[in-house]
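A short worksheet on the structure shown next.
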Amino acid sequence: MEVIHNYHNFPENIATVVTIGTFDGVHVGHRKILDQLFKEAKAKGLKSVLLTFFPHPRMVVQSDNSIKLINTIDERIDILSKTDLDYLVIQPFDRDFSNLSAFDFVRDVLVTRLNVKELVVGYDHRFGKNREGDFEQLKEYSHTFDFKIKEIKAQDINNTAVSSTKVRNALNTGEIEIANQYLTTPFFINGIVVKGQQLGATIGYPTANIEISEVYKLTPKNGVYVILATHKEQNYYGMLNIGNRPTVNGKDKTIEAHIFDFDFNIYGEDIKIEFLYYLREEEKFYSIEALKEQLAVDKKNSLNYIQNLTQNKAS
């Protein structure tokens, strides 16, 4: 997969099948669109292109900095690089680009620069200034500019149409297994291990304090999770707490992972955390000893979950 920043830089004379969207999470609905994209490209001898946007359009058009994304742009690149996609075009989304009319977007971006021969879009796709363009307009423009168009219907799981918003809602309510079912792979974060107060080490549960640099990256609901940590391409199970550490009157939200069978100094190093299961809400305990007792229960429950998980994978 080749990554191209700005549609103006797309190479000339390459005929394409294109899909468009933010693709936050690259969930099962997105996967269905991509599968159709690859199928059409292979059948017609064309190159597959995903035109995506960064920052998220809502951050620009609505000046909404409250929106949190399932993936950072680098995470999205990494996920898509593992597919059969030929070109990922990341369009810087700014006011000028947002003011392109639906007609100008199709003519100038899709036809003139991306040389589209077929367009694959989701059932609810909107485009152009103020999201004025819809599927009916695309059908009109496909005749004007001589390209084909295919619409993908909603992908359902348990009778629920999947969307990035529904994935975010599941993460925000601690329904991590539902979110992972939608995403097809576990939700994850990438961060740097930084020094904390090191309280965990004094009570037998040392933690890696994880700092995420991208302020727009979503973190799940506060609480305790079973996780899979990846450090230098090695995997380790563990448990993780997101919250304000009320037992010690903490004020700032922290992400602290206790990694099982792990005894390395990794301050300043990168780590990836996959969220597997939501164990419990964050609590305030009346003493450090009571917290320690609960952590022992959490570890036991985590190990039971991991044992069942590994057995199911082996069967």
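Quick notes on this one:
Residue by residue, here is whether (1) buried (at least 18 other Cβ atoms within 10 Å of the Cβ); (2) aromatic (Phe, Trp, Tyr) holds:
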site	(1), (2)
227	yes, no
244	no, no
257	yes, no
273	yes, no
278	yes, yes
285	no, yes
292	no, no
298	yes, no
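- Failed item in (1) modelled with pLDDT under 85; (2) part of a loop (DSSP other than H, G, I, E, B), with residue 59 passing the rest: (2)
- Among the candidates 190, 235, residue that is in contact with a Lys or Arg (Cβ under 6 Å, 6 or more places away or on another chain) and under 19 Å from residue 75 (Cβ atoms): 190
- Members of the stretch 194-239 found to be touching a helix residue (DSSP H, G or I) at 6+ places or on another chain (Cβ under 6 Å), part of a loop (DSSP other than H, G, I, E, B) and within 14 Å of residue 259 (Cβ to Cβ), listed by number: 205, 206, 207
- First in the stretch 34-54 and outside the structural domain of residue 127 (by TED's automatic domain parsing), second anywhere and part of a strand (DSSP E or B), Cβ under 9 Å, 6 or more apart: none
- Candidate set from the stretch 39-74 (those that are crowded, with 16+ Cβ neighbours inside 10 Å and of a type in the set (Gly, Ala, Ser)); member that is nearest to residue 9 (Cα to Cα): 48
- Neighbours by Cβ (under 8 Å, 6+ apart or cross-chain): first from the stretch 192-208, within 14 Å of residue 266 (Cα to Cα); second part of a strand (DSSP E or B) and small (Gly, Ala, Ser): 193/208; 207/257; 208/229; 208/257
- Candidates are the residues of the stretch 114-155 that are in a loop (DSSP other than H, G, I, E, B), surrounded by 15 or more Cβ atoms within 10 Å (Cβ to Cβ) and of a type in the set (A, V, I, L, M, F, W, C); the one that is modelled with the lowest pLDDT is 147.
The values are calculated or read from the model by the stated rules, or taken from the named source; none is laboratory data. If you're wondering where the values come from, they're calculated on a predicted model, not measured in any experiment. Quick reminder, even Gly has a Cβ in these numbers, built from the backbone with ideal geometry, and neighbours come from all protein chains shown.
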